[in-house]
Each structure stands twice: as structure tokens, then as C-alpha cells.
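Structure first, commentary second.
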Amino acid sequence: MEGQSTWYRPATDIYISGRAWAPRGRPVKEMQVAARIGPCQKTLHVLGERVWARGVLTLQPSVPLPFDSLPLVYERSFGGPMEARNPVGRGFHGSSKAALEQPLPNFEDPAHRLTHFSQQVPPWGLGPLSRYWQPRLAWAGTYDEAWVEQRAPLWPADFDPRFFLAAAHGLAAAPWLKGGEPVVLSGLSPDGPLSFPLPRHRLVIKAIFRDRVERRPMVLDAVHIEPDERGLTLIWRAAVPVHGLLSKHEYTVVRELEPWEEPLS
């Protein structure tokens, strides 16, 4: 999962780890995986192993082989060493000679299927994206001589907080999720569809300093779903400015509001 060493996210990151499972465990050549978490929805078209094969006029994808499950990793999504959006992926090549007999992605966007070796379809997955991949890297801002001389160690003037969002396309919920939202997963378990509500908690922090007390509500910052493990991780975040006075901080308390308590604004 994406590291949590960040001070702010403008939305709730949603990550899903696991495998795509054929219905009832019976091997299929292709299927769809779907996930809905609150307002966020995403569908993956899943195919068995294929390669670029010789066609009548040009290369074409071979017939997919049957599979019963496939790991949901970006190594099986569209990409390659020359593809800045997913340098660990497969399917992208500079020429037909380089592409011949090379594997194609197992996961595709149903609206942008890969049919020609020169296409650059979007990498498609459910897990977090590396901060060194595009488009996240572009949101990090400009680190040039002007930044070194005028702003370092602060963020560049053109820094975009979306850099801290690691969720795959379509899986960042803005405004933040609050808990209670429905989760519906299809094709992510050999036992069939899964559905449940996200747990709902109202968490707050109270930071005690020698000269003041700061109270802040916590927002649901990230959701990590692991269907194979029946695992669910929820991460809340709150930030308190210290302005160089960290030495005055004594301790911080995290607690859940009682049902009768009003939420902090």
C-alpha cells in the first residue's frame, strides 16, 4: 500500500489488493471485475495470457488462454519501460518487431481496449500508483535553481496536492468518505460478489501543548480492501500546525465522539 508519510490528501484514497477470480472457480478466457465504493466505481476487463501474434496485415492479439485467477498487479497492466504511466507493465513497444510474441496486459479499461501494438491505452488497475509514475510525478512541481534559491525546503510554487493521491484513476473519493458508504465487489472472490458498508467512526484528536490545546476532526484518508484476506484497513488523518514550536507539544489524544456529541467543525 502507498506509504502514509504525507501531511494532506484532498480526497479519500481507495486501494484494492488481491486477485481477479473466475466465477465459481471455473476457468474462463475473459471476464470483468467491478468495484463500487460509495461514489467511486471502476471496471476492469480481464483476459488470460496473450501475446502479439502475426496477423494478415499487422500484429494482433492472440486468443487469450483460460485462467481461474490472476493477481491484480501493475506488471499485468498496460505499460513497459518506455511508458511513464506504468514502467513495470506489458504491451507497449516501439515497433512491431519488438512486440512480436511479447505478452499483452491482462487488465484493460473496457472503454479503451488494446488492439494495435502502437496504441497507448491507459494502464488499468485497482492498486496504488507509484509517486514516480505519471501523472503523479507531474503534480510534484518544479525543482529547479529558482526553487533551491527561493523556496527550498518548502514545496515548489506549482506543487499540486493531488501528488499525494495514490489511488488508481476513478478510486479517489472527493469529498472524503465518512464511513457507512456501500462497498460492492464483483470478480474479486472465488465465493462470488462481496458487499458490505464501510465502518463509520467519528474520530477527533486533542493535541496538548504547554501553551494551548488544539482540537481537530479526523478525515477518512485512505481505504485498503483485501478481499482474499477478508481484510479492510481504514486510515484517518488530522494535522495540527506547530510553526517551529514542536518542543512545546506534550501529548496527543485520539478518541471517538460519543453519539450525543456534536462534530467538530
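Only the coordinates and a few stated rules stand behind these numbers; no lab work does. Quantities reported herein were computed from a predicted structural model and do not represent experimental measurements. Glycine gets a Cβ as well: all are built from the backbone with ideal geometry, and neighbour counts include every protein chain shown.
Using only the C-alpha atoms, the convex hull of the chain corresponds to 149 Å³ per residue.
Report the rotationally averaged projected area of the stretch 175-265 based on its alpha-carbon convex hull, in square nanometres.
The orientation-averaged projected area of the Cα hull of the stretch 175-265 comes to 8.1 nm².
Across the stretch 65-145 the C-alpha pair distances fall into 10 Å bins from zero in the proportions 17, 46, 27, 8, 1, 0 percent. Annotation: amide H-H contacts under 5 Å for Gly91 (H modelled 1.01 Å from N, sequence separation of 5 or more, or interchain): Gly79. Each residue of the stretch 119-127 was assigned a 3J(HN,Hα) from its phi angle through the Karplus curve 6.51 cos²θ - 1.76 cosθ + 1.60 (θ = phi - 60°); the sequence is 5, 10, 6, x, x, 10, x, 10, x Hz, with glycine and proline shown as x.
Bridging of Lys248 to lysines at a Cα separation below 27 Å is possible for Lys206, once same-chain residues fewer than 8 apart are set aside. Each residue of the stretch 167-181 was assigned a 3J(HN,Hα) from its phi angle through the Karplus expression (A = 6.51, B = -1.76, C = 1.60, θ = phi - 60°), giving 4, 5, 3, x, 10, 10, 9, 10, x, 4, 5, 10, x, x, 5 Hz with x at Gly and Pro.
Our estimate of slack between Val184 and Lys248, defined as 0.36 nm per intervening residue step minus the Cα-Cα distance, is 18.5 nm. Under the simplified labelling scheme, the Trp155-Trp139 pair shows an inter-label distance of 1.0 nm, with each label point 7 Å from Cα along Cα→Cβ. Charged side chains reduced to their Cβ positions (Lys and Arg at +1, Asp and Glu at -1) give the chain a dipole of some 300 debye around its Cα centre. The spacing between the stretch 1-42 and the stretch 131-196, judged by their C-alpha centroids, is 14 Å. Just name one of Pro199, Gly244, Ala167: the one whose Cα is farthest towards the positive end of the charge dipole of the stretch 166-257 (beta-carbon charges, Lys/Arg +1, Asp/Glu -1). Selected residue: Gly244.
Suppose R0 equals 30 Å; then what is the FRET efficiency for Arg131 and Lys29 from their Cβ-Cβ distance, rounded to the nearest 0.05? Write out the running numbers ahead of the final one.
Working: r = 35 Å, r/R0 = 1.17.
With R0 = 30 Å, the Cβ-Cβ based efficiency is 0.30.
Phi-derived couplings, Karplus 6.51 cos²θ - 1.76 cosθ + 1.60 at θ = phi - 60°, listed residue by residue for the stretch 100-112: 3, 6, 8, x, 9, x, 8, 10, 9, 6, x, 8, 9 Hz, with x used for Gly and Pro. This model, with +1 at the C-beta of Lys and Arg and -1 at the C-beta of Asp and Glu, gives the stretch 44-130 a dipole about its Cα centre of some 220 debye. Stretching Phe196 away from Val63 to a fully extended chain increases their span by 44.3 nm, per 0.36 nm per residue minus the current alpha-carbon distance.
Given the Cα-Cα distance of Glu258 and Ser5 and 0.36 nm per residue of separation, how much length would full extension add, in nm? List each step's numbers first, then the result.
Values: separation 253, 0.36 × 253 = 91.08 nm, distance 2.92 nm.
Length gained between Glu258 and Ser5: 88.2 nm.
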